[in-house]
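Enquirer: Please read through the structure below; I'll follow up with questions.
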Amino acid sequence: MIYSIPRDNMVQQAEFHRKTVIEYAPESEQAQHYRNLAMAIDQNTDFVTPKSMSNDQLEELLVQFGLFRHLQTLGINPNSTKVADSFSEMPLE
């Protein structure tokens, strides 16, 4: 991972106005995070090809962050090979 951008409601506000965060609130902390990401990408010299996680590694992360049980309560089998697809449909709250 090259840079982590924290969640912020500014993103939804900008989307509501059909703008990017940088267009909507250029001086905001969230906009600065996007600028920092752009700089991190531009200055990156560590070109690594990502490798897929094994199912065991994924399960370890799910347990570590408390998502294993959450998946089960949503009726999703955490051991399924389609767990990654399930995350795109998982509610964040």
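Read-outs throughout are calculated quantities, based only on the coordinates presented, and are distinct from any laboratory measurement. Just so you know, these numbers come straight off a predicted model, no measurement behind them. Cβ sites come from the backbone with ideal geometry, for glycine too, and all protein chains shown count toward neighbours.
Enquirer: How would Thr49, Thr20 line up from fewest to most surrounding beta-carbon atoms within 10 angstrom? All intermediate terms of the calculation are to be shown ahead of the outcome.
Expert: On the way: Thr49 4, Thr20 14.
Taking fewest neighbouring Cβ atoms as first place, the list is Thr49, Thr20.
Enquirer: Read phi for every residue in the range 26-34 and hand back ³J(HN,Hα) as whole Hz from Karplus 6.51 cos²θ - 1.76 cosθ + 1.60, θ = phi - 60°, with x for Gly and Pro.
Expert: Running phi through 6.51 cos²θ - 1.76 cosθ + 1.60 with θ = phi - 60° gives x, 9, 6, 4, 5, 4, 5, 4, 5 Hz.
Enquirer: Still on this structure, I have one more. Starting from the 7 Å offset along Cα-to-Cβ, what nm value, one decimal, do you get for the label separation of Ile5 and Ile22?
Expert: A separation of 1.0 nm, rounded to one decimal place.
Enquirer: Let me ask you something else. So if we plug the beta-carbon distance of Arg35 and Glu60 into 1/(1 + (r/R0)^6) with R0 = 35 Å, what FRET efficiency do we get, rounded to 0.05?
Expert: Details: r = 34 Å, r/R0 = 0.96.
Step by step, r from the Cβ atoms, then E = 0.55.
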